[in-house]
1. Quick one: Karplus J couplings for segment 589-605, per residue in order, coefficients 6.51, -1.76, 1.60, θ = phi - 60°, nearest Hz, x for Gly and Pro?
2. Step through the residues of segment 177-194 one at a time and calculate ³J(HN,Hα) from phi using the Karplus curve (6.51 cos²θ - 1.76 cosθ + 1.60, θ = phi - 60°), rounding each to whole Hz and writing x for Gly and Pro.
3. In terms of modelled amide H atoms, which long-range or inter-chain residues lie less than 5 Å from the amide H of Val105?
4. With each pseudo-label sitting 7 Å past Cα toward Cβ, what's the Leu404-Leu206 distance in nm, one decimal?
5. Would you compute, for the Cα atoms of segment 205-248, the largest minus smallest coordinate along each principal axis and list the three values in descending order, in whole Å?
6. Would you kindly state how much longer the chain becomes between Gln246 and Thr217 on full extension, computed as 0.36 nm times their sequence separation minus their alpha carbon distance, in nm to one decimal?
7. Stretched out fully, how many nm does the piece from Ser115 to Gln397 gain, at 0.36 nm a residue minus the Cα gap?
8. Using a Förster distance of 35 angstrom, determine the FRET efficiency expected from the C-beta separation of Ser335 and Glu257, and round it to 0.05.
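The values are calculated or read from the model by the stated rules, or taken from the named source; none is laboratory data. Since the structure is predicted, the reported quantities are computational estimates derived from the model, not experimental observations. Heads up, the Cβs are rebuilt from the backbone with ideal geometry, glycines too, and the neighbour counts pull from every protein chain shown. These accessible areas exclude ligands, DNA and RNA; they are computed on the full protein's heavy atoms, side chains included. Shrake-Rupley method; radii C 1.70, N 1.55, O 1.52, S 1.80 Å.
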Amino acid sequence: MTIFNSVVGKLWMTIIGLVAVVLIILGFFLFQYIDTSIPNVSNQKTNLIRLTNQISQDSSYHTAESGYYTAMSDLLATQDAGMTLIQQGEYSADELLFITGERAVTLGDLLSQESLDDLFMTGELLSGQFSSSVNPWHGGYIFAARKIEASNAGEPDQAVIVYQSMQSVEDTQMYVKRLFALVSLMGFLMTTFFAFFLITRITRPLTELKKAADSITRGDYGKRVPVLSSDEIGELTKTFNLMGEQLEGTIQDLNHEKQNLASVLHSMGDAVISFDNDGRIIFINPLGERVLEEWTGLSWEEDAHEASAQEMPGSIPEPLQELYQSAVREMRGISSRLHVKNNVWSVVLAPLYAGDQVRGIVAVLRDVTEESRLESLGKDFVANVSHELRTPIAMLQGYSEALLDDMATSVEDRQELVQIIHDESLRMGRLVKDLLDLAKMENGRMEMKLAEVDVSSLMTRVHRKFSALCKEQEIGLILDIPDKPLLLEQGDEDRLEQVMTNLLDNAIRHTHANANIYIRGMEENDGNHLRIEFEDEGEGIPKEALPNIFERFYKADKARTRGAAGGTGLGLAIVKNIIDVHQGTITVDSELGQGTTFSILLPVERR
């Protein structure tokens, strides 16, 4: 930025312009006064001619008085002038008239020989002006010559030549002009000095205000400007400082609100994604980034780069595009559930307004897979309980009616019907008992009798209890435990026996003849955990069923077959809860048609 584009330059040019206009007007009138009031060459020449005429007239009466000419010469000398007399026929062009400061002036310098001859012949006045060639700054001389008529006949005629230097006139005019020029120059210089001094006093606070404003635009809201005066600029500075304080406070409040909002959004358990009208992501929280990565396989920044103009709206994942378009079109909130891959998402879309216009959409996504699964489990639970109870109740009702109607004609028939009724009632009792136990476990109201447990002895007892059953079904039951006891410092022996009984019962029911079941117990290398394994060579469990086998009423056999392989579907759920209460873990590994292995890891010391 040049000085002429700045406030200083503009004010300085304005002040200098005003001073220049004033000086020009003053100079015009001053030079007019010089030309009219101070004698100039024309006036001096007129006066010199008048004086010459007067001298020529008076000389005819004083030709014999030498004192007259001396007095006239002295008088002319006071006016920087002089006179000389020449006599007809006795003059020469080389005759010296006077000597100036630069050179000697001769008669030929003023008048030529022909002019002198004409002067004596005609008697007319001759006048003129000549300049010194030595000093070009000299004003020159003016002169006038006039013939003096002889007073007595027979005397030769004379002529008087009066000359005057114009140096004084020119000097006066030049002095006035130079003085005016000097005063004008000094006026310009002083005006410039005081203008810059004054302008600097004005512009320095403005410059500080500009720097402070630049600092504020760069985010330095604590910048303040010192108040140097009490005038309007001082008031402006105070107002600016007050504005800076209020702006700093406002920005701090906004930053705090922004940080609070960002903290809330980042700590939310829901994914939050904001889109503009073009479908570009303008905000996303960490959970939203993970959701995008899960849906698209790209981070949201990569997604924005990968999207082309033909794929607009840009970064909106495909499952949300239809809901996004509906929310923009209808300008209202929309909620729905989306099934993406293996998860269920609850999606709420709401428009973001700028005045009356929609400037974007905010989407809140929540993973409700577990809730959906629990809802499904609840429905399945009711269906399963109804199914499990319906059959034994129907059988009890049917066989009891048969007894009441005396449909059994023999003692053997009645005993068979009674045995069936007894078995089904026992089955209903086991189902109700398992449900009550499971409810107590899940509600944390199950009573635990904690004491030291010899796991080796417990596994030996369970092995002995099921050996006869396995021998009848031609299944090998192999126990593998170390020689030293496997001890738990605190455990419920009855509940652990229930766990082993359920797992072994399941293994026997799903293992065919001539296969083996292995029961293993061992101490982990860290010395802080015991591992118990139940491995069978039975049917195995499908891969898709493994994540759900510990749920209530879940059966890999969807037909819900009964008989030897039938169960209530609560055994593994009870096992899982008992192991959890003992602060342990249970895992399953199975291959369809190759068998199943249940592994239990129990801590030796409870935390």
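1. 9, 8, 10, 4, x, 10, x, 9, 10, 9, 10, 10, 10, 10, x, 5, 10
2. 5, 5, 4, 5, 5, 5, 4, 4, 4, 5, x, 5, 5, 5, 4, 4, 4, 5
3. Leu97, Phe98, Ile99, Thr100
4. Rounded to a tenth, the inter-label distance reads 11.1 nm.
5. Extents along the principal axes, in whole Å: 29, 20, 11.
6. 9.0 nm
7. Length gained between Ser115 and Gln397: 84.1 nm.
8. Numbers: r = 27 Å, r/R0 = 0.77.
Efficiency for this residue pair is about 0.85.
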